[in-house]
1. Between L104, L94, which is within 14 Å of the ligand (Cβ to nearest atom), farther than 30 Å from W148 by Cβ and either modelled with pLDDT of 95 or more or not in a strand (DSSP E or B) (or both)?
2. For residues that are assigned to a strand (DSSP E or B) and in contact with a helix residue (DSSP H, G or I) (Cβ under 9 Å, 6 or more places away or on another chain), tally how many sit in segment 28-54.
3. Checking I116 against (1) over 17 Å from the mean Cα position of the chain (by Cα); (2) within 16 Å of the ligand (Cβ to nearest atom); (3) not basic (K, R), only one condition comes out false. Which one?
4. Can you name the residue in segment 156-172 that is more than 23 Å from H219 (Cβ to Cβ) and touching a Ser or Thr at 6+ places or on another chain (Cβ under 9 Å) and, of all such residues, is nearest to the ligand (Cβ to nearest atom)?
5. Taking G47, is it out of contact with any Asp or Glu (no Cβ under 6 Å at 6 or more places or on another chain), touching a residue at least 24 places away in the same chain (Cβ under 8 Å) and within 13 Å of the ligand (Cβ to nearest atom)?
6. If A153 passes every condition in (1) more than 25 Å from G47 (Cα to Cα); (2) within 16 Å of the ligand (Cβ to nearest atom); (3) part of a helix (DSSP H, G or I) but one, which one does it miss?
7. For segment 109-123, how many residues are surrounded by 24 or more Cβ atoms within 10 Å (Cβ to Cβ) and either without any contact (Cβ under 8 Å) to a residue 12 or more places away in the chain or assigned to a loop (DSSP other than H, G, I, E, B) (or both)?
8. Output yes when any residue across segment 169-179 is touching a strand residue (DSSP E or B) at 6+ places or on another chain (Cβ under 9 Å), closer than 28 Å to V95 by Cα, of a type in the set (A, V, I, L, M) and modelled with pLDDT of 95 or more, and no when none is.
Amino acid sequence: MAQLTNLQYPALYGLDESHLVPLGQFLLTARTLTAFNKMQQHALSDGIDVQICSAYRNFERQMAIWNGKALGKRTLLDINNQPIDHSRLTDEQLVDAILCWSALPGASRHHWGTDIDVFDGNNISKADLKLISDEYVDNGPCAQLASWLNQHAKEHGFYLPYQANKSGVSPEPWHLSYFPESSQFLSQYQPDSLRQLLSQAEITLQSALLKKLDTLVDHYVFFVANTPE
Ligand SMILES: [Zn+2]
């Protein structure tokens, strides 16, 4: 993989973690960490325990998830969270099915260290959490957290990039982004660098991906909710 780090901004594609700092088992940018700590304290004073279940993921990790789903070694869920029989799909359909719930390696906002997935530690454990929408609405264990975030996340620089009708990715009420930094990462993102990276990687469904890569990047990377005013 050494040659892949010749890309202009390897940190945009999950190939460089030298700009990140640890928070327990997780890695984040220093500014994201500071902002998260403040938000967590604020939420705690309102009775909500914001906990992280996922932060930085590198390219290799995202590719392992991708290849696992593409090869049928990991469960593939449809938009309604029902399992899909991957052997019935063409390569093109399989690409779309995986992208319903998993990012393309090199195109995940989790590569940046500015984005986190969160849950309410008061009401559910990380082991029980499935990260599905039902948990974040109505009487779900993270519903209170979701409404708190809608009101207060922006005070701390966080927002929800994946919202209904505002993003190519399905709504993810658990996915927060630290917008002072992530908006800069997004503005520097280069589809050509991703093409170069995926062309050199040992990724399953490579030719189906490369065939419509520009469309995929527009839909899943650039089509996200606007940052709050
Ligand atoms: Zn996420």
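1. Numbers: L94 fails: within 14 Å of the ligand (Cβ to nearest atom).
The unique qualifying residue is L104.
2. 6
3. Here I116 clears every test but (1).
4. Just the residues of segment 156-172 that are more than 23 Å from H219 (Cβ to Cβ), to begin with: 156-158.
Subsequent filtering for residues that are touching a Ser or Thr at 6+ places or on another chain (Cβ under 9 Å) retains 157-158.
Details: G157: 17, F158: 12 Å.
Here the residue is F158.
5. Details: out of contact with any Asp or Glu (no Cβ under 6 Å at 6 or more places or on another chain): yes; touching a residue at least 24 places away in the same chain (Cβ under 8 Å): yes; within 13 Å of the ligand (Cβ to nearest atom): no.
When the stated conditions are applied, G47 does not pass them.
6. If we test A153 against (1) more than 25 Å from G47 (Cα to Cα); (2) within 16 Å of the ligand (Cβ to nearest atom); (3) part of a helix (DSSP H, G or I), just (1) comes out false.
7. Of the residues in segment 109-123, 3 are surrounded by 24 or more Cβ atoms within 10 Å (Cβ to Cβ) and either without any contact (Cβ under 8 Å) to a residue 12 or more places away in the chain or assigned to a loop (DSSP other than H, G, I, E, B) (or both).
8. yes
The values are calculated or read from the model by the stated rules, or taken from the named source; none is laboratory data. Predicted model, so just to flag it, every value in this text is computed and none were measured. In this analysis, Cβ positions are derived from the backbone assuming ideal geometry, glycine residues included, and neighbour counts consider all displayed protein chains.
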